[in-house]
Amino acid sequence: MKTKLLFTFLLGTTLSMSAQETHMINWFRGVTANAASMTVNTGDTVMWMLTDAMPHTVTTSAGSAEAFDSGMLTAGSNYSHTFTTAGTVPYVCLFHANMSGVITVQGVAGIKDAKASGFSFFPNPVSNIITLSDNDVIDHVSVFDMAGRQLFEANSTTAVVKVYMDNYPAGTYTIKASMGEKFKMVTVVKQ
């Protein structure tokens, strides 16, 4: 009986340890629906980062699996939502109806593979999405161009972060990922 209880406890602990991811979307007037749409797992967070000077919202459309409304966001701000329900979540900017996307949320049915120890990032070169991963929570991400200009920065609360780079021109970029008091700087090539 003790063995069964221990096994049940360990299995429950392992299932609850599956890592969530943070997906970052550049949210600006002119963003394509394709660039603003993605598939995520339940428990994942999507962060919309305003990268232009206009005010925007991130507001779900009727019939969404989940409902949220960021309210009016101003230049340089961001909005995050953690998804808990499987299904489709169409959303739009209430000020600019041509800014829209769909988040498809899929349920997680099993145990995720154990992560390799340490910081990693892939793919490099990147065409659309670069994934940053660490054993510790990546709490801040910044992207810089080769002139040292910061193109965006955002906070995170997960150990896996996806940065969507499809709107960046081809070239070389530096990404800084901070994990508490430590950080990693990586150079990536955008095709």
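Quick notes
- Scanning the chain for trypsin sites (Lys or Arg not before Pro) that sit in a DSSP loop and have at most 16 other Cβ atoms within 10 Å, the longest stretch containing none of them is 30-111.
- For segment 35-45, Karplus couplings with θ = phi - 60° (6.51, -1.76, 1.60), whole Hz, Gly/Pro x: 5, 9, 10, 6, 10, 10, 9, 4, x, 6, 10
- All other residues whose Cβ lies under 13 angstrom from that of residue 179 are scored, Lys and Arg at +1 and Asp and Glu at -1, for a net of -1.
- Candidate aspartates and glutamates for bridging to residue 184, where Cα separation is under 14 Å - those fewer than 8 sequence places away on the same chain excluded: 134, 136, 139
- Taking segment 130-191 and dividing mean pair separation by its residue count, relative contact order in percent (alpha carbons under 8 Å, at least six apart): 37 percent
- Label corresponding to percent of Cα pairs over 25 Å apart when calculated from the structure given, among (1) 23; (2) 39; (3) 30: (2)
- Table column - 3J(HN,Hα) (Hz), segment 176-191, Karplus curve with 6.51, -1.76, 1.60, x for Gly and Pro: 10, 10, 9, 10, x, 8, 9, 8, 10, 10, 10, 9, 10, 9, 9, 7
- Residues in segment 22-171 average 45 Å² of solvent-accessible surface per residue, probe 1.4 Å, ligands and nucleic acids excluded.
- With Cα atoms, 0 to 90° folded angle of helix 2-16 axis to the chain main axis: 10 degrees
- FRET efficiency, 1/(1 + (r/R0)^6) with R0 25 Å, evaluated for residue 136 and residue 106 via beta carbons: 0.45
- Cα centroid separation, segment 117-191 to segment 26-43 (Å): 17 Å
- Computed lengthening from residue 187 to residue 33, 0.36 nm per intervening residue step minus Cα-Cα distance: 52.6 nm
The values are calculated or read from the model by the stated rules, or taken from the named source; none is laboratory data. Computed from a prediction, not measured in an experiment: that's the story for all the values here. All Cβ positions, even for glycine, are placed from backbone atoms using ideal geometry, and neighbour counts span all protein chains on display. For accessibility, only protein heavy atoms count, side chains too; no ligands or nucleic acids. Shrake-Rupley method; radii C 1.70, N 1.55, O 1.52, S 1.80 Å.
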